[in-house]
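Note sheet for the following structure.
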Amino acid sequence: MLTKIKYFTFFVCLFFASKSTVYSQKIDSTSYTQYKFLRLDLNRIENDSTSLKSFYKKLEKLEKLEKTQKGRVTITHIGDSHIQADFLSGTIRQKIQLKFGNAGRGLIFPYRAAKSNEPSSYKTTTNKTWDSKRNVFYDKPLPIGISGFTIETTDSMAEINLLVKDQPGLGYMFTKFTLFHEKGLTNYDITICDDTNCVRGILKSRDKSKNPFVSELKFDKPIRQIILKNKCADTSCRQSTRIYGMLIENDSSGVLYNMIGVNGSEYRHYTMSEHFIEQLSYLNSDLIMVSMGTNEGFSKGFDRQLFYHQIDSLISRIKKNNPQASILLTTPGDSYRKSRKGGVRNPDMKLAKETIINYCLNNNLAYWDLYEIMGGFGSMGKWYTAKLSAKDRVHFSGKGYQIQGDLFYKALMNGYEKNKQLK
């Protein structure tokens, strides 16, 4: 298990990497020729001809819809600190929604209330201090749900303000708000307000008739800002609010791209999260992508057999509870680890990527091999020299994540186009 010092290091590096927004600069694919360490000839989704066939068909059906028709394809991307800041996943979301349509920003979490870094495409603020937990600290109180994070308060005056930001070519105003929260007699109802009034609606925590963790609210017109306020359900007002995540959608056809990322997380942390698998099934995903392995391979003493088992424990549960979803795994990139001599190249990351690939081949799953595409063993040093990685040589710069997102999107679209030609 990662130490607290290691977690802090990961967070600090990611914080400084997040200073540049994923949408701030356009990456021209032709400029990749300057990065001679990239293996662009390897940039493809492997083992996808059968494993992603149903997903490709759903994308094709969505692309062929007339303007008067409605359709949706849902993608859910699960990962660690490489995903939480939403640089990599944000690039993929932007590109795939521009091509197939924008069904909304998707799953979000009020990371600021949990004292963690937040994506740039929305902003949350709160007037109170919340208890919080992320899935890496599995021995602490609070169960974990859909986002890998949980926040809780007993303060009746606590509020969360959510403001969603548009991105180039994409508007993220929403017409439907879904709250993943604890529901029961000891929980506050939630009043949903906008910046002028509190008549938007009330989410009743005592109503478990439809879903024990989910409350939904639809709006008569698109909005970009709401305020969640606790509402006492009885005179004692000795209750609590526990939030697992939020989902924001619109009425348009297109792709809904959900991001679930937790700094420092590993496959086993999601498996051990009490409500994660149950709440994940609510998203009704057509494609579930998992991008982890960096943290497992970071410390010395990497155990391939144990890691294989940890992958299987999570993926088997995901498949069982999401039988309609295709699954795609990505390998971790090359990275460095700390030693007495400073940062040194990490040979265990290659073992981690080989373990993921072996699991995919044994279970007919698609995969994207970032490790080899970025240049293989030792390539992180070249990414750092090219200013594409953070100083820790574990995380990447905003531009580095952009390049990864662009490469993944190209690989996915190449697989999609080849699938269409097979008819």
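The values are calculated or read from the model by the stated rules, or taken from the named source; none is laboratory data. Bear in mind that the values here come from a model prediction, so they are computed numbers and not experimental data. Counting neighbours? That spans all protein chains shown, and the Cβs are built from the backbone with ideal geometry, glycine included.
Let's see how each residue does on (1) surrounded by fewer than 23 Cβ atoms within 10 Å (Cβ to Cβ); (2) in contact with a Cys (Cβ under 7 Å, 6 or more places away or on another chain); (3) at pLDDT below 95:
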| position | (1), (2), (3) |
| --- | --- |
| Lys341 | yes, no, yes |
| Asn358 | yes, no, no |
| Trp368 | no, no, no |
| Gly376 | yes, no, no |
| Ala386 | yes, no, no |
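Might you let me know whether the stretch 334-352 holds any residue that is touching a Pro at 6+ places or on another chain (Cβ under 9 Å) and under 21 Å from Arg44 (Cβ atoms)?
yes
Out of curiosity, is Ser156 surrounded by fewer than 16 Cβ atoms within 10 Å (Cβ to Cβ), of a type in the set (Gly, Ala, Ser), farther than 21 Å from Leu107 by Cβ and modelled with pLDDT under 95? Explain how you work it out, then say what you get.
On the way: surrounded by fewer than 16 Cβ atoms within 10 Å (Cβ to Cβ): no; of a type in the set (Gly, Ala, Ser): yes; farther than 21 Å from Leu107 by Cβ: yes; modelled with pLDDT under 95: yes.
For Ser156, the condition - surrounded by fewer than 16 Cβ atoms within 10 Å (Cβ to Cβ), of a type in the set (Gly, Ala, Ser), farther than 21 Å from Leu107 by Cβ and modelled with pLDDT under 95 - is not met.
Scan the stretch 233-266 for residues that are surrounded by fewer than 24 Cβ atoms within 10 Å (Cβ to Cβ) and under 29 Å from Gln94 (Cα atoms) and report the count.
8
From Tyr308, Tyr336, Tyr244, grab the single residue that is among the aromatic types (Phe, Trp, Tyr) and under 17 Å from the mean Cα position of the chain (by Cα). So that I can check it myself, show each step before the final result.
Details: Tyr308 fails: under 17 Å from the mean Cα position of the chain (by Cα); Tyr336 fails: under 17 Å from the mean Cα position of the chain (by Cα).
None of the others qualify; the one that does is Tyr244.
Looking at Ser397, is it under 13 Å from His82 (Cα atoms), without any contact (Cβ under 8 Å) to a residue 60 or more places away in the chain and among the hydroxyl-bearing types (Ser, Thr, Tyr)?
On the way: under 13 Å from His82 (Cα atoms): yes; without any contact (Cβ under 8 Å) to a residue 60 or more places away in the chain: no; among the hydroxyl-bearing types (Ser, Thr, Tyr): yes.
It is false that Ser397 is under 13 Å from His82 (Cα atoms), without any contact (Cβ under 8 Å) to a residue 60 or more places away in the chain and among the hydroxyl-bearing types (Ser, Thr, Tyr).
Which members of the stretch 263-305 meet the condition of being hydrophobic (A, V, I, L, M, F, W, C), more than 21 Å from Tyr367 (Cβ to Cβ) and under 16 Å from the mean Cα position of the chain (by Cα)?
At the first step, the residues of the stretch 263-305 found to be hydrophobic (A, V, I, L, M, F, W, C) are 272, 276-277, 280, 283, 287-290, 292, 298, 302.
Now restrict to residues that are more than 21 Å from Tyr367 (Cβ to Cβ): 272, 276-277, 283.
Residues satisfying the conditions are Phe276, Ile277, Leu283.
So, Ser335, is that one crowded, with 19+ Cβ neighbours inside 10 Å, of a type outside the set (A, V, I, L, M, F, W, C) and more than 15 Å from Leu287 (Cα to Cα) or not?
Values: crowded, with 19+ Cβ neighbours inside 10 Å: yes; of a type outside the set (A, V, I, L, M, F, W, C): yes; more than 15 Å from Leu287 (Cα to Cα): yes.
Judged against the criteria, Ser335 is a match.
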